[in-house]
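What follows is calculated from the coordinates using simple rules that are stated; it is not laboratory data. Note that the structure is a prediction, hence the values are computed from the model and not measured. No Cβ is skipped: glycine too gets one built from the backbone with ideal geometry, and neighbour counts run over all protein chains shown.
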Amino acid sequence: MKDEWRKKTKPLTLEGGIHMPYSWTVGRVGSRFFIELRDHGRILGNRCPQCQVVWVPPRLRCPECYVEIDDRSWTEVGPQGTLRHFTIVRYEHPAQPLKPPFAYGLIHLDGATRAITHLISGADLESLKPGIRVKPVMKPVRQGNILDISFFTPVGGPNP
Ligand SMILES: [Zn+2]
């Protein structure tokens, strides 16, 4: 039999990765969010008409109560916010958008209900504390993605 070898030898597996370029639509809601960020440097969210949660990034449907969020619900948030949590990155990896050291932070933008995750840089990272105020640093030439915000940086002082 041609598969007789399987009775005598346990097959090995090899680990690897597949590089697969792809593109997909971000849809009507995602397009408006990224176009506004790219063209005007403004961060938009949308408010669920039922539970009043302000989603950033905006959603087509509320993940909490599943109702559709229509175009009347758009609202500008931030640009400043409060750093809720963070972790400092000290090792270098090709997939990282910044050269270490930098931090990943949970940032609660003014006017939003929930925090977003983004990069923290441009400051003494050892001075970061939950509760400090941060502001976005926009790229001068933006392309319509979340890294149009280069990173957030402290504006100083704890959140009152
Ligand atoms: Zn809702």
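For the reader, a short list of remarks on this structure follows.
- Dipole orientation for the chain: of the candidates Ala115, Gln50, Trp5, Trp5 has the Cα lying most toward the positive pole (charges on Cβ; Lys, Arg +1; Asp, Glu -1).
- Axis of helix 27-40 versus longest Cα principal axis of the chain: the two differ by about 60°, to the nearest ten degrees.
- Span per principal axis, largest first, for the Cα atoms of segment 82-151 (Å): 32, 30, 17
- By the helix-only formula, in which each DSSP H run with n ≥ 4 contributes -39500 (n - 2.57) and the sum is divided by residues, the chain has a 222 nm mean residue ellipticity of -3000 deg cm²/dmol.
- Sites listed here are GluC sites (Glu not before Pro) in segment 11-119 whose DSSP assignment is loop and whose Cβ has at most 11 other Cβ atoms within 10 Å: Glu15, Glu92.
- Charge-dipole axis of segment 23-106 as Lys and Arg at +1 and Asp and Glu at -1 on Cβ define it, positive-most pick from Ile69, Gly81, Leu37: Gly81
- Alpha carbon centroid spacing (whole Å) that separates segment 80-158 from segment 2-64: 21
- Whole-percent pair-distance distribution, where bins are 10 Å wide, for the alpha carbons of the chain: 10, 30, 29, 15, 6, 6, 4, 0
- Net charge dipole size for segment 27-158 [Lys, Arg +1 and Asp, Glu -1 on Cβ; Debye, nearest 20]: 40
- Taking the charge dipole of segment 96-160 about its Cα centre, with +1 at Lys and Arg Cβ atoms and -1 at Asp and Glu Cβ atoms, the residue from Pro140, Ala103, Pro130 reaching farthest to the positive side is Pro140.
- Amide H contacts of Phe102 (H built 1.01 Å from N, under 5 Å, at least 5 apart or other chain): Val89
- Amide hydrogen proximity for Arg59: with H placed 1.01 Å from N in the peptide plane, the residues at 5 or more positions away or on another chain lying under 5 Å are Asn46.
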